[in-house]
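As structure tokens, the structure follows; a few thoughts come after it.
The values are calculated or read from the model by the stated rules, or taken from the named source; none is laboratory data. None of these values were measured; they are calculated from a predicted model. Neighbour counts are summed over all protein chains in view; Cβ atoms, including those assigned to glycine, are modelled from backbone coordinates with ideal geometry. Keep in mind that these areas ignore ligands, DNA and RNA; they rest on the heavy atoms of the full protein, side chains included. Shrake-Rupley method; radii C 1.70, N 1.55, O 1.52, S 1.80 Å.
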Protein chains: 2
Amino acid sequence: MTDRLGGGVRRKRPTMRDVAREAGVALRTVSRVVNSDPTVGAHLVSRVQAAISALDYAPDERAQQLRRGTSGTIGAAVRNLADAHPVLSAVDMASRSHGLAVLAMSTEDDEAREREAVMSMCGRRVDGIVIEPIGTSHDYLSAELAGGLPLVAVDRPCGGVEADAVLSDNAAGIGMAYRQLSVHGHRRIAYIGDDERIFTGRERAAAFRACVAASGGPLSGMVHPGVVTSSRVASALASVLSGPSPATALITGNVATTIEALRYLGADAGRLALVGFDDFTLADILRPALTVVAQNSAEIGRTAIDLLTARAADPGRPVQTVTIPVELIARGSGELPPPV
Amino acid sequence: MTDRLGGGVRRKRPTMRDVAREAGVALRTVSRVVNSDPTVGAHLVSRVQAAISALDYAPDERAQQLRRGTSGTIGAAVRNLADAHPVLSAVDMASRSHGLAVLAMSTEDDEAREREAVMSMCGRRVDGIVIEPIGTSHDYLSAELAGGLPLVAVDRPCGGVEADAVLSDNAAGIGMAYRQLSVHGHRRIAYIGDDERIFTGRERAAAFRACVAASGGPLSGMVHPGVVTSSRVASALASVLSGPSPATALITGNVATTIEALRYLGADAGRLALVGFDDFTLADILRPALTVVAQNSAEIGRTAIDLLTARAADPGRPVQTVTIPVELIARGSGELPPPV
DNA sequence: ATGCTTCGGGATAACGTTATCCCACACTGA
DNA sequence: TCAGTGTGGGATAACGTTATCCCGAAGCAT
């Protein structure tokens, strides 16, 4: 397990002391040159720089961090590193523009893993954490938060602790999807999505129920939240499409569900109107092309970093939840008419 | 730019010294308890642990790293954090099982960015680096490599320096694709892929030419390497499909090309036999489902970490290039017959 | 009772930086 | 010539750990 690297005899790196000796100056002078302190004479500067490049010296950031008290790194605990992750990418970009590096770790949708990752980041004394929370309770973080750790939840709020959050406007998104299908003549609309123990699953399912209630459509047997597995989506879909008055349209609550639904429908995909929550790369290539509610990942990432820096500057500021608008992208599948 | 966080008054964290004072023991004893040194008496251990949890103490890993001389972190410089990145995910998994964390940074296919990212990792004294090289020359790394930095190139080799590498068997993959199309009756097979300045683009185009030569098929106008843009793929495809004897089958050299080709073909996708290099999530949902040459990302990631740890253990070992087999997954698009 | 071993645990010096002090040197003005 | 004034640059003490020593007390045999 913990075999950490370094068995071999890796040549030790030159330190500031070595540079000082090489240049024939004091340690502190090298530090001054490295930090471009203007109080160093020009020819001393060049002598030190010569020594630096002669020895291939590069400062040890860990020592700098330790001394300075700041790490220049923010942690990003995301659900998954394998799938496309536009938010992580946006976080990376925004961080870079602040001179910060991103320590990305995946939580694999596992509560223990999440905790492990976050604690490891704390141990590394990151200057802040962006988290896509998976666990329902994050009170293990309360000590850190009380200590002033800037933490921003993305996509879902943290449970049990007060923390800044950036969320998508789930209710509005479901509303857009529902309206689009209604406008195109659908009355019997079904929803399949994530487990309601998950925040987004809960919000989206609730929003869907509200839409149905508001429009007076049929509700019973039309809402299928639950863990997203191939078989569960398949059976939910089968039940929704069978019986005397089957659904003519479907809203899927996340990418995984959308894909499983498409897999199940196969060549019959064109028979059922479909709007998926969340966009993905190939949605425009499918036949019919997929109508989606797209989240603004770039904006989410940027906002997360903004909140992080704001809290770092003022740990006492009130906790804030920012909701980012979503957008309906009509590509065809959501505009299919109901069968006559 | 470099505004680093920390403007606010973040409460300072408890240190080992604080714990020692709280528990009424010596500093060193706390360290012993933290590192579970067996030479500490049981009741002292519990007293120290009580103090630790009373103060919410967590050791500063940076100080540990500084003192121990090893960082427990490996850097991963990958082209892109936004797209699906199964190799990064595999690297993350494999690292975790070694007790290592992964510092992931994206290079955005930019040579300067790559250098910046790698140098930043070196400054953080990572124990090793996994890199998906983008630049053609990596001699800025020669000093680090000479110093014993374990570095493994993934997907493409580094240029100008000797370093371990894990590559996919590009030639075999193109061979499989070509054979599959031949077996299904195609004679006029075209190839569109990445720029030949890029290693994989070069290897795959060369392998394709070799296949054509070996089978005695037509070559002229059939090979289109170049930068992958929507317009270039479109015009290449148009040229390949026009004229008196158009191609009846196509091999695409990477995911981006595959997707652009599908976008261009639109509803006509079923008319052209197609095999894509590299698999992706929705390939099985397309109509017709896409036949691909799949790389073994999990194996690539695992092997990279293996090479890394091996070099860390023995910096003097010979540089090694490992080739990972690829696999043809027939889903339909590559098994379409030529039009009669 | 005394000498020897064993073993728990405390000072203290690193690790590679930066920040605080403080001194030595040149320069100016009377 | 001497006091006053910057000013470049060197010792040295942190930052929060761990490793090396070393000491005091207890256990054992004689």
At a 1.4 Å probe radius, which order do B:Val126, B:Val87, A:Val227 fall into by accessible area, largest first? A:Val227, B:Val87, B:Val126
Averaged across A:72-85, how many Cβ atoms of other chains sit within 10 Å of each residue's Cβ atom? 5
Sorted shortest first, the nm distances from the B:Pro244 label point (7 Å along Cα→Cβ) to its counterparts in the other copies are 6.8
Whole-Hz ³J(HN,Hα) from phi, Karplus 6.51 cos²θ - 1.76 cosθ + 1.60, for the range A:279-285, glycine and proline x: 8, 8, 3, 9, 4, 7, 9
Share antiparallel - DSSP beta bridges, the protein assembly as shown, percent rounded to 5: 10 percent
Other-copy label distances relative to B:Gly221, 7 angstrom Cα-Cβ extension, nm: 5.9
In debye, nearest 20, what is the charge dipole magnitude of the range A:170-295 about its Cα centre with +1 on Lys and Arg Cβ and -1 on Asp and Glu Cβ, if you could check? 340 debye
Counting sequence-distant residues (5 or more places) and residues on other chains, those with an amide H built under 5 Å from that of A:Val223 are A:Tyr191
If a/c stays under 1.5 just call it rounded; otherwise compare a/b with b/c (prolate if a/b is bigger, oblate if not). Do that for the protein assembly as shown, with a ≥ b ≥ c from the square roots of the Cα gyration tensor eigenvalues. oblate
Return the value, in Å² to the nearest 100, of accessible area buried between chains A and B (probe 1.4 Å, both sides summed). 7000 Å²
Probe radius 1.4 Å, ligands and nucleic acids ignored: give me the carbon and sulfur share of the accessible area of the range B:223-305 as a rounded percent. 54 percent
Which value, in Å² and to the nearest 10, is the accessible area of B:Glu327 when all protein chains are kept and the probe is 1.4 Å? 110 Å²
Compute the angle between helix A:297-313 and the longest alpha-carbon principal axis of chain A, please, reported from 0 to 90 degrees and rounded to the nearest 10. 50 degrees
Where does the charge balance sit around A:Val91 when Lys and Arg score +1, Asp and Glu -1, over other residues with C-beta under 13 Å from its C-beta? -3
Could you report the range B:7-53's accessible area per residue, 1.4 Å probe, as an integer in Å²? 66 Å²
Those trypsin sites (Lys or Arg not before Pro) in the range A:169-276 that DSSP places in a loop and that have at most 12 other beta carbons within 10 Å: A:Arg197
Nearest 20 debye, what's the magnitude of the dipole of the range A:16-59 about its Cα centre given +1 on Lys and Arg Cβ and -1 on Asp and Glu Cβ? 140 debye
Pick out, from B:Val293, B:Gly147, B:Ile324, the residue whose Cα sits farthest towards the positive end of the charge dipole of chain B, with +1 on the Cβ of Lys and Arg and -1 on the Cβ of Asp and Glu. B:Gly147
Peptide A:48-56 - average C-beta neighbours from other chains (10 Å radius): 1
For B:Leu219, the accessible surface traced by a 1.4 Å probe with all protein chains present amounts, in square angstrom to the nearest 10, to 70 Å²
What residues of the range A:309-332 lie in the reach of a label at B:Ser230, counting those whose backbone N is under 16 Å from a point 7 Å from the Cα along Cα→Cβ? A:330-331
Evaluate E = 1/(1 + (r/R0)^6) for B:Arg287 and B:Asn35, where r is the Cβ-Cβ distance and R0 equals 45 Å; express this FRET efficiency to the nearest 0.05. 0.15
Rounded to the nearest 20 debye, what is the charge dipole size of the protein assembly as shown about its Cα centre when +1 sits on each Lys and Arg Cβ and -1 on each Asp and Glu Cβ? 1140 debye
Apply the Karplus parameterisation 6.51 cos²θ - 1.76 cosθ + 1.60, with θ equal to phi minus 60°, to every residue of the range A:24-39 and state each ³J(HN,Hα) to the nearest whole Hz, in sequence, with x for glycine and proline. x, 10, 7, 3, 4, 5, 4, 4, 4, 5, 4, 8, 6, 6, x, 8
Taking R0 as 35 Å and r as the Cβ-Cβ distance between A:Asp18 and A:Glu327, the FRET efficiency 1/(1 + (r/R0)^6), rounded to the nearest 0.05, comes to 0.05
Copy-to-copy label separations for A:Gly266, where each label sits 7 Å from Cα toward Cβ, in nm and ascending: 2.8
Around A:Leu250, which amide H atoms from residues at least 5 apart in sequence, or from another chain, sit under 5 Å from its own amide H, with H modelled in the peptide plane? A:Ala190, A:Ala273, A:Leu274, A:Val275
Between B:Glu196 and residues 5 or more places away or on another chain, which pairs have amide H atoms under 5 Å apart, with H built 1.01 Å from N, and which residues are they? B:Gly226
Using a 1.4 angstrom probe and counting only protein chains, how large is the accessible area of B:Val33 in Å², to 10? 20 Å²
Just counting partner chain Cβ atoms within 10 Å, what average do the residues of peptide B:89-95 show around their Cβ? 3
If A:Asp194, B:Asp164, B:Asp83 are ordered by their accessible area, calculated over protein heavy atoms with a 1.4 Å probe, which sequence runs from highest to lowest? B:Asp83, A:Asp194, B:Asp164
Given 0.36 nm per residue, what is the gain on full extension from A:Asp56 to A:Met119 after removing their alpha carbon distance, in nm? 19.2 nm
